Amino acid sequence: MKGGSSLSFRLRSYGAALIFVQLAGCGERDASTNDVAAPAVAAPPPAPLQAPKREGKLVLAFGDSLYAGYGVAQGESFPAELEKALNKAGVAATVHNGGVSGDTTAAGRQRLAFTLDGLPRKPDLVVLGLGGNDMLRGLPVKETEANLRAMLDELRKRNIPLILTGMLAAPNMGRDYADRFNALYPALAKEYGAGLYPFFLDGVVTDAALMLPDRIHPNAAGIDRVVERMAPIVAERLRAGG
């Protein structure tokens, strides 16, 4: 998806984003991986005529509670559902859940290198979504930008492609703050040549049936809606080699 969002998109989302200021954080649950151990079975006989299985893509979904799967079952989190959607679309992929509830961009900056080093290999793609908690806490946009830049620099140094998922400021944060915060993600995506999904909760946050009672986090159906919109973008990036 190309960087930036239309004025109508932003105005439509401002009202929806108002509910974000009701809470100053995004939960306390830590992330966990979505790997499921296969049951022990006897090894099948050799099949020399069968083509060797190709190694799938590795994606790191690195974010806060919106990625970690706050309030839903482990298998219903955004990374878990994205993995299912990619495989259903014919893109063999494993999506590692690197979401930690409550993370600000500063916290993400501190743990990004450690998370990358802990993966079995360099990921083919990172989907990065942080900054919502910065906005909820009213942290200076300059600090959010500096932290996001540090993470993007780390990914660039490692030559890891990126899709950035943006957030929008609640309107009662003030016009000046909202203008600077909302412009941050499109500008960084353009500068770093990253893919951009402008607003992670687009088409979800305005529908109570897709949100948890806290009106901040999507429920399982809401996550499915996000994945429905994002999976084709991720798949296209993976097919293009990141």
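At a glance:
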| read-out | value |
| --- | --- |
| Those residues of segment 163-176 which are over 21 Å from Asp64 (Cα atoms) and either touching a residue at least 60 places away in the same chain (Cβ under 8 Å) or part of a helix (DSSP H, G or I) (or both), in sequence order | Pro171, Asn172, Arg175, Asp176 |
| Any hit, segment 148-156, residues being surrounded by 17 or more Cβ atoms within 10 Å (Cβ to Cβ), more than 18 Å from Gly195 (Cβ to Cβ) and touching an Asp or Glu at 6+ places or on another chain (Cβ under 9 Å) | no |
| Helices (runs of 4 or more DSSP H) contained entirely in segment 64-125, each with at least 3 residues that are buried (at least 18 other Cβ atoms within 10 Å of the Cβ) and aliphatic (A, V, I, L, M) | 78-88 |
| Condition broken by Ile160, with the remaining ones in (1) part of a loop (DSSP other than H, G, I, E, B); (2) free of Cβ contacts under 8 Å to residues at least 60 places away in the same chain; (3) surrounded by 16 or more Cβ atoms within 10 Å (Cβ to Cβ) satisfied | (2) |
| Selection within segment 125-139 - more than 19 Å from Pro186 (Cβ to Cβ) and over 15 Å from the mean Cα position of the chain (by Cα) | Leu136, Arg137, Gly138, Leu139 |
| Segment 108-134, residues that are of a type in the set (A, V, I, L, M, F, W, C) and without any contact (Cβ under 8 Å) to a residue 12 or more places away in the chain | Phe114 |
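Results for (1) at pLDDT 95 or above; (2) among the acidic types (Asp, Glu); (3) touching a helix residue (DSSP H, G or I) at 6+ places or on another chain (Cβ under 7 Å); (4) within 20 Å of Met211 (Cβ to Cβ), shown as yes or no for each residue.
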position	(1), (2), (3), (4)
Pro46	no, no, no, no
Pro52	no, no, no, no
Gly63	yes, no, no, yes
Gly69	yes, no, yes, yes
Asn87	yes, no, no, no
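The values are calculated or read from the model by the stated rules, or taken from the named source; none is laboratory data. Just so it is clear, the model here is predicted, and its values are computed rather than measured. When we count neighbours, we look across all protein chains shown, and the Cβ atoms used for this are built from the backbone with ideal geometry, even at glycine.
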